[in-house]
Structure formats: structure tokens, C-alpha cells
1. Which members of region 153-196 meet the condition of being within 15 Å of the ligand (Cβ to nearest atom) and assigned to a strand (DSSP E or B)?
2. Within region 318-348, which residues are surrounded by fewer than 22 Cβ atoms within 10 Å (Cβ to Cβ) and in contact with a strand residue (DSSP E or B) (Cβ under 7 Å, 6 or more places away or on another chain)?
3. Six or more apart or on different chains, Cβ under 7 Å: which pairs go from a residue in region 17-39 that's closer than 27 Å to residue 412 by Cα to one that's open to solvent by 90 Å² or more (accessible area, probe 1.4 Å)? Could you list them?
4. Which of (1) in contact with a Pro (Cβ under 6 Å, 6 or more places away or on another chain); (2) open to solvent by less than 10 Å² (accessible area, probe 1.4 Å) is the odd one out, the single condition residue 284 does not satisfy?
5. Given the criteria polar (S, T, N, Q), farther than 22 Å from residue 91 by Cβ, within 16 Å of the ligand (Cβ to nearest atom) and in contact with a strand residue (DSSP E or B) (Cβ under 9 Å, 6 or more places away or on another chain), does residue 220 qualify?
6. Only one of these conditions is not met by residue 135: (1) outside any helix (DSSP H, G or I); (2) away from the ligand (no atom under 16 Å from the Cβ); (3) modelled with pLDDT under 95; (4) not aromatic (Phe, Trp, Tyr). Which number is it?
7. If a residue must be within 16 Å of the ligand (Cβ to nearest atom) and open to solvent by less than 10 Å² (accessible area, probe 1.4 Å), how many such residues does region 364-380 contain?
8. Residues that are at pLDDT 95 or above, away from the ligand (no atom under 16 Å from the Cβ), among the small types (Gly, Ala, Ser) and touching a Phe, Trp or Tyr at 6+ places or on another chain (Cβ under 9 Å): does region 233-253 have at least one?
Amino acid sequence: MTQPFDATAASAAYRNALEVIGAVEPTIAGAIRAELDDQRSSLKLIASENYASPATLLTMGNWLSDKYAEGTVGHRFYAGCQNVDTVEQAAADHAKALFDAPHAYVQPHSGIDANLVAFWAILANRIESPALAQASAKHVNDLSDEDWTTLRKALGDQKMLGMSLDAGGHLTHGFRPNISGKMFHQSSYGTDPETGLLDYDKVAATAREFKPLILIAGYSAYPRKIDFAKMREIADEVGATLMVDMAHFAGLVAGKVFTGDFDPVPHAHVTTTTTHKSLRGPRGGMVLCQPEYADAVDRGCPMVLGGPLSQVMAAKAVALAEARRPEFQTYAQAVADNAVALAEGLMKRGVKLVTDGTENHLVLLDVSSYGITGRQAESALLDAGIVTNRNAVPRDPNGAWYTSGVRIGTPALTTRGFGVDEFDRVAELMVDVLSSVTPTTTSAGAASKAKYVLADGVADKTRAASAELLDKHPLYPGLDLN
Ligand code: DSN
């Protein structure tokens, strides 16, 4: 499922690049080589990571990086941006075609940046404040103290409603330590305590009572799809703007696994995403929106973003071109099918999953029945060469640091070519490790939340079994740095 590439040409390109880099700073050339070895030899199950194609990766290492291009295509604050214009236009055109979106803004450097652009655009578009209108039209450096005082006052009265962090929402959806929780009065909707599923009637009831300016849908740890048509109905009923953060599942939208009511783009006023997770592009962000938000979205730089990273916009164009090929739809369907196989493989071996399954690319394990925390599970799995991340489960008694959960996903290993049988074997290996972990006891006699012992031989046995799977599906087949 790796994007096909010319291994001879890519090998020569990387060998030559590493020679040039190594002549200046061998430590860095060594770290780049070592990272490839590490990625090749571990079972990468982090739900938000993937393996971009050599074409996408190579696009980021060149002189486009040296060009400033604040502004938008054809309207730059710097001279000589004709090639960046070509790059940005190509990326936006691919994004619009891929997602059937009226407008695309490809400058955000990350998902958080994309969300900030969206927040600002929604405020600028929805709030009838002369100060906001003036601020949108001004360079950020030209805002007076008086402008900012008025803005803060106007912003302080606006409200955002998003999924709670605890239920799988993201920290930029109004979590207090994030700027979103400071810019807006915030409220959240959770999931049903029995099923773990989103209850749309409850979301509607909360929205009616809270009356948010922005209703956010999207998640980083909810293993189900969302009905965006229903979310739009709720937003319309209360006069909210529907913003969808599809960072995690953009690849499933691009690959036509999520269509109709489950495709956010036609239903949301503004859709944000990252480009590197299931979408398999470079690390970065993007905003798609309906025409009425386009002007305000395009003011993202310089309002909340620094100068665009032209080399990353170029890599977005390459990755989006790849995602427009029919093979990407096959890949996206395999990501979803593999997630079901992984979930079933875990459940049939006795693992408790949040929502008892999955409908997307991710699976959230509740490891408390093993008598361990998410942190102990994450560390023990890593000892055995299985890379995951700990994650809170709804109403987690261990909080967000130690947690009771482990979040895993299928995008990366599906790129390597793993299928349902291999994911069932991955489930078996994970269960072998989880059932061999014992928490150590603290000096006060309590079970530690961080320290543990993994039974002798389990790590080595798991690594050997993983190596068999990984050797069958090499990462970047034929790519040789020596
Ligand atoms: N870091 C991303 C994730 O892992 O979901 C989101 O911020």
C-alpha cells in the first residue's frame, strides 16, 4: 500500500543528501539514518502517524524553504513569489478537488494553527464588531492598544461547544489550558456512559441551553464515525457555525470511506485538518470552508500565522495529488477494515475497548482489567517494540497523565501493506505483552502507576514475532541508504 516509487532513484537521492548533510554535521545524518532503521523495525501503531511517500518527503528538502511569502497567491508582502504562487495554487486546487470543497487554505503549519485560523475567521465573519472588522483588515502589527482592548471584550463573550477531552475531543476544542479555552466561554458534550457513543439528542440539548457561536465536531480519540448532517442540524437550530476538525480521519474522507452524512466537508461551514495523519502527507495543516468564510480564512497569515512554509505547501500538493489516485481509496478502505480486524482480535482475546469496537482508523483499549495504567501498558509495549500512546478513557480514574487507556491506529502499518490477518496477529502480540505486566509496589505498599515488571523473555519473543511481520512488509521497499 506504499505509494509506488522508483526505489533506485530514491536511494540515490537520499544517499547523496546524507553525504552532503554528513559533511557538515554527521550527528544529524546519523540521526536521520537511525530514524529510518527505528521506523523500519518497530510496529508503529500510533493512530496519528503514518509514512509519507519519498516524493512527499523529498519535496521538503530544498530552496523553497528559503522564500518568504506572507499573504496569498498573487497578493504577497514580498517580491519574487511567483514559484510559491504556483506551489500554493497547486496544493489548494488538489485539496478542493479531493474534498470537493469550495475553498482551501493550505498555509497552516499544524492542526492547532489551522484551528486558530478557523476561530479567527469565524469570529471575523460572525461578530458584528467594528473593531473585529477593522482588525481583519489590518496587519496584526498595526492593531492599536485600543483595538486589542475592544477585541478582548468582544471575544470574551463568545462561546464554543466541543467534545470533551475525556470523551476523545482535542485540546484545541476549548480545553482550558489551550488558547481556545481562553478565547471562548467553553462547554463540552461527552459520550453515553454505558455505550461510550455520542448521543446527538444530548448534544442538541446542551447546544440549545449553551447557545454557542461555534459548535465543533471532531476528535483525536473517539473510535466511531460522526453524523455531520445531524451536527449541522443542531448548529443551524441554535445559530452556531459548525466547525469540523477532521485531522484524524481526513484520509478516510479523502478515500471515500466516510461519505454522505459522514463526510464533514459539505455539512460544515469550516473544516480543519492536519495533512500527515491518515491523509499521509507532510506534517502540516489546512482549512477548507464555504465561500462566505473564504476571505477571513485567507487572512490567516499574518493574522495568526507566520510566513507560510513553501516547501511544506509543495509537499502537501504532492501528497494531495497522490490521494487523488484510485489507489488511495483502496488504502483508506484497508485502514478501516484493518481497524475492525485489530479491534475484533483484541476483543476476542478479552480486551475491553471503548465503544466495544471501531468504525474508523483507531481503537481505544481500556487496560484497567490488567491491573495496570495506560502509562505502564505504553512503556511495556514499547519495550517489546510496539509503539503506541497512552490515552485517557472516558471518566478515567487515572487522569490524563497516567491514564487507563492505550490508543492505537492502523494508518501506518496499512501503508506498509499489513492486512487483516497481520492485524489479528498484532492483537495477539499486544495481549501477550499486556498480560505479562505487573506493577511494582511503592515503598508505601501501593501499586505504582508508572513502574512495572515485564515477565522474562516476553519482550524478546514479541520483537522476534514482530520482525517476521515487518520483514514480510518492508517500509519503503528497495530504499537502500548504503
Ligand atoms: N498529536 C495529535 C494526536 O496524536 O492525536 C493531535 O494533537
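The values are calculated or read from the model by the stated rules, or taken from the named source; none is laboratory data. Being a predicted model, the structure only gives us computed values, none of them experimental. Positions of Cβ are backbone-derived with ideal geometry, glycine not excepted, and every protein chain shown enters the neighbour counts. Calculation scope for accessible area: heavy atoms of the full protein, side chains included, ligands and nucleic acids excluded. Shrake-Rupley method; radii C 1.70, N 1.55, O 1.52, S 1.80 Å.
1. Within region 153-196, 162, 163 qualify.
2. 347
3. none
4. Answer for residue 284: the failing condition is (1).
5. The answer is yes for residue 220.
6. Going through the list (1) outside any helix (DSSP H, G or I); (2) away from the ligand (no atom under 16 Å from the Cβ); (3) modelled with pLDDT under 95; (4) not aromatic (Phe, Trp, Tyr), residue 135 breaks only (1).
7. Residues that pass the stated criteria total 3.
8. No, region 233-253 contains no residue that is at pLDDT 95 or above, away from the ligand (no atom under 16 Å from the Cβ), among the small types (Gly, Ala, Ser) and touching a Phe, Trp or Tyr at 6+ places or on another chain (Cβ under 9 Å).
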